[in-house]
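Peer 1: Below are the structure tokens for one structure; questions will follow.
The values are calculated or read from the model by the stated rules, or taken from the named source; none is laboratory data. If you're wondering where the values come from, they're calculated on a predicted model, not measured in any experiment. All Cβ positions, even for glycine, are placed from backbone atoms using ideal geometry, and neighbour counts span all protein chains on display.
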């Protein structure tokens, strides 16, 4: 056992340990973002696909976050789980259960639930459903099948887990699934928040109807992409897009970027 220090020494030691831990997580976050780019889990119009991507909201994007490939790289997946579990532990408010969003959120939620020693479930992918309105129409056709797997108990406070957030559309759908499933089981649950590995909303997740916790805010950590070999041009365009995606919806702007990439 280490000798006891002077009064206040224990608090100072805890404070120093917290600072060191935060520094370690920051370095891990920088490495993680760089590795995402290096392993093409962050794809860009300039390197990977000149035509860019149409994301779930219907907007065009010059980059794409492909988390589905991350579990293929054990170290990278482990970093994602460590960063997210740490962010969840630090969030304000309690929860009883994690629910992962199908499909990429399921593996992530399983690993994080094990690390945090908390129960989990997951939403099922319902074909043709992209919004909460779609879900309402599809529920009748789905019949008696569960649209959320796993135990839900009366009074559960649920934290929804996914890989990334851009808009709140897919998360609203997941929450609607959870609420519909709870109603069908005759239990009352409350969704108390959403937790994601990467927030690529450009700070707009602060306007979400429930609190959003992220391990990485991409707008804050964009420069770390250079660690993985991203160019200044890629970083600059993604930063401008995150701040305001509207100009990039102009067909002339996209055409010029396609020519640049080809």
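Peer 1: Tell me whether segment 235-245 contains one or more residues that are more than 19 Å from residue 58 (Cα to Cα), in contact (Cβ under 8 Å) with a residue 60 or more places away in the chain and surrounded by fewer than 13 Cβ atoms within 10 Å (Cβ to Cβ).
Peer 2: The answer is no, given that none of the residues of segment 235-245 is more than 19 Å from residue 58 (Cα to Cα), in contact (Cβ under 8 Å) with a residue 60 or more places away in the chain and surrounded by fewer than 13 Cβ atoms within 10 Å (Cβ to Cβ).
Peer 1: So residue 3 ticks every box in (1) modelled with pLDDT of 65 or more; (2) loosely packed, with under 12 Cβ neighbours inside 10 Å but one. Which box is left unticked?
Peer 2: For residue 3, the failing item is (1).
Peer 1: Hey, can you tell me all the residues within segment 33-72 that are assigned to a loop (DSSP other than H, G, I, E, B), within 16 Å of residue 242 (Cα to Cα) and touching a helix residue (DSSP H, G or I) at 6+ places or on another chain (Cβ under 8 Å)?
Peer 2: If the condition is that a residue be assigned to a loop (DSSP other than H, G, I, E, B), within 16 Å of residue 242 (Cα to Cα) and touching a helix residue (DSSP H, G or I) at 6+ places or on another chain (Cβ under 8 Å), then 45, 52, 56, 57, 59, 62 are the ones that fit.
Peer 1: Here is a follow-up. What strands (runs of 3 or more DSSP E) lie completely within segment 117-221 and have 3 or more residues being surrounded by fewer than 21 Cβ atoms within 10 Å (Cβ to Cβ), in contact with a strand residue (DSSP E or B) (Cβ under 8 Å, 6 or more places away or on another chain) and modelled with pLDDT under 95?
Peer 2: It comes to none.
Peer 1: Quick test of your reading of the structure: residue 110 fulfils all but one of (1) in contact with a helix residue (DSSP H, G or I) (Cβ under 7 Å, 6 or more places away or on another chain); (2) at pLDDT 95 or above. Name the failing condition by number.
Peer 2: Here residue 110 clears every test but (1).
Peer 1: Among the residues of segment 75-91, is there at least one that is touching a strand residue (DSSP E or B) at 6+ places or on another chain (Cβ under 9 Å), surrounded by fewer than 18 Cβ atoms within 10 Å (Cβ to Cβ) and not in a helix (DSSP H, G or I)?
Peer 2: Yes, some residue in segment 75-91 is touching a strand residue (DSSP E or B) at 6+ places or on another chain (Cβ under 9 Å), surrounded by fewer than 18 Cβ atoms within 10 Å (Cβ to Cβ) and not in a helix (DSSP H, G or I).
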